[in-house]
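Comments concern the structure below.
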Amino acid sequence: MEKMNWLQLLNPNRLGQQSPAKQSNSRSLFEQDYDRIIFSHPFRRLQDKTQVVPLPEDDFVHTRLTHSLEVSSVGRSLGKRVGETVIEKYPELKENGFTPSDFGAIVAAASLAHDIGNPPFGHSGEDAISEFFLYNKLGNQIKDSVTEGEWADLISFEGNAQGFRLFNMPNNKGIQLTYSTLAAFSKYPHESSLKHRIEGRKSQKKYGFFQSEAYYFDELAKALGLNQLAQDEKSWVRHPLAFLVEAADDICYHIIDLEDGCRLGWVPFEQARDLMAAILGDAYMPEKLENTKDENDKISYLRALAINTLITQCVDVFLENEDEILKGEFDKALMDLVPCKKVLREIIDVSIDKIYRSNLVLETEAVGHTVLEGLMQAFIKAAIGQKGAEESSKKNLTVFRLLPNTYQEQIVATGSYYEISRICIDYISGMTDRFAINLYRKLTGITLPGTK
């Protein structure tokens, strides 16, 4: 494949914008991306979306919001450190005004948004939306009214694709991002119905855009010069900085989920300490912990050192493979190649056994399936009822009117069952955990409006 060009990859123009972007003296266009995301409604809702432990009562347990902020902080460090070397290697970047901070700003913004499309209840929410179309009678009836590609979207809801959609929805033009930030955000640059998957490519593990946004990704790929993997399919290689966004997320969920598990008492302090110490290797100095009596403070200290160690190792792996990344020949997670990868696998095994499969997490996943299936049933039935596909009851009309006006208008304007489904999914996937539970309780008569 032809080698991609950093000058083209660092494109500050915005998707869908007709005129070239204008640079501000105070903030770069990539820094503006960060600000647009952090002030957006979808980002704010992450404060009440499950990360690992649901609806936390303790301030030290992470939500999607705190997780995203931490991933962004790690991402900025990764981007700036990679940028320092890349800019020295390619003098034309400095000649065109690019700095290491531009790399950091792109990765920080993309990392900040990496979970913005996730539904309530985490991965169980994704499963619940997908299974509605697979196993629910009403959801399955839609199959005959959509294309093969559209059906593939519906039966495998993907938070990454939903995030890409959020940035390009007609009523969300205020979050228009630069080409580079959107591409760095897109860890899986292909459609859901991809038939010719290449074994071993990490970027093909999931998918990154729905059929409804395929046009936008095509525009994005052409503007940045991303190599297309197959001419007859919507599939491209990753933007190089997407590897750093993935690494930032991987670093945080490996280390911080372990820290949360330790603070909750699910993972013994000694086990968490030894795992983090193993990441540090020879740099681990246990004597520095002697003056700290509180075990939580000790874990926090080790967490900071472990994250810094992993940042350094991921930067080294990226730079060692930078030529192959630009050619589209490298397609692995950076964390799979770091020196302490064996320890990271042990951390995941511990997290699965003692955190992700704890009763509290499992109970919440079960609740998420019930709540989201109920909401999908209510709103899709109500929306289809307004299109004359079946006799619409007064109940369906009432439920339809509970949708925000912009969603009602979009449903009325389309005749596509796929778009109707997408619009209802937009509404439901954007809910916080608590809002989804409260609305479900009201729709099912468990709770009366105006009561707790």
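The sole residue among A161, A113 that is out of contact with any Pro (no Cβ under 9 Å at 6 or more places or on another chain) and open to solvent by less than 10 Å² (accessible area, probe 1.4 Å) is A161. Can you tell me which residue in segment 338-369 is nearest to D249 (Cα to Cα), limited to those that are polar (S, T, N, Q) and open to solvent by less than 80 Å² (accessible area, probe 1.4 Å)? Looking at residues that are polar (S, T, N, Q) and open to solvent by less than 80 Å² (accessible area, probe 1.4 Å), I get S351.
For segment 258-355, no helices (runs of 4 or more DSSP H) sit wholly inside it while including 3 or more residues that are among the aromatic types (F, W, Y) and farther than 27 Å from S203 by Cβ. Scanning segment 279-311 for residues that are open to solvent by 30 Å² or more (accessible area, probe 1.4 Å) and in contact (Cβ under 8 Å) with a residue 60 or more places away in the chain gives a single hit, N296. Here N168 meets the list (1) over 21 Å from E219 (Cα atoms); (2) open to solvent by less than 30 Å² (accessible area, probe 1.4 Å) almost entirely, failing just condition (1). Of all residues assigned to segment 33-45, none qualifies as being modelled with pLDDT of 95 or more, outside any helix (DSSP H, G or I), out of contact with any Gly (no Cβ under 6 Å at 6 or more places or on another chain) and open to solvent by 20 Å² or more (accessible area, probe 1.4 Å).
Looking across S156, S192, S212, one residue alone is open to solvent by 20 Å² or more (accessible area, probe 1.4 Å) and assigned to a loop (DSSP other than H, G, I, E, B). It is S156.
When you scan segment 89-97, do you find a residue that is open to solvent by less than 20 Å² (accessible area, probe 1.4 Å) and modelled with pLDDT of 95 or more, even just one?
Taking every residue of segment 89-97 in turn, at least one turns out to be open to solvent by less than 20 Å² (accessible area, probe 1.4 Å) and modelled with pLDDT of 95 or more.
Kindly indicate whether G163 is part of a helix (DSSP H, G or I) and within 16 Å of the chain's Cα centre (by Cα). Yes: the conditions hold for G163.
To keep it simple, each residue is scored yes or no on (1) under 23 Å from T50 (Cα atoms); (2) more than 27 Å from the chain's Cα centre (by Cα); (3) not hydrophobic (A, V, I, L, M, F, W, C).
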| position | (1), (2), (3) |
| --- | --- |
| T398 | no, yes, yes |
| I420 | no, no, no |
| Y427 | yes, no, yes |
| N438 | yes, no, yes |
| L443 | yes, yes, no |
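The values are calculated or read from the model by the stated rules, or taken from the named source; none is laboratory data. The shown structure was predicted, so the numbers you read here are calculated from the model rather than taken from an experiment. Reconstructed Cβ throughout: ideal geometry from the backbone, glycine too, with neighbour counts over all protein chains shown. Protein only, heavy atoms only, side chains kept; ligands, DNA and RNA dropped before computing areas. Shrake-Rupley method; radii C 1.70, N 1.55, O 1.52, S 1.80 Å.
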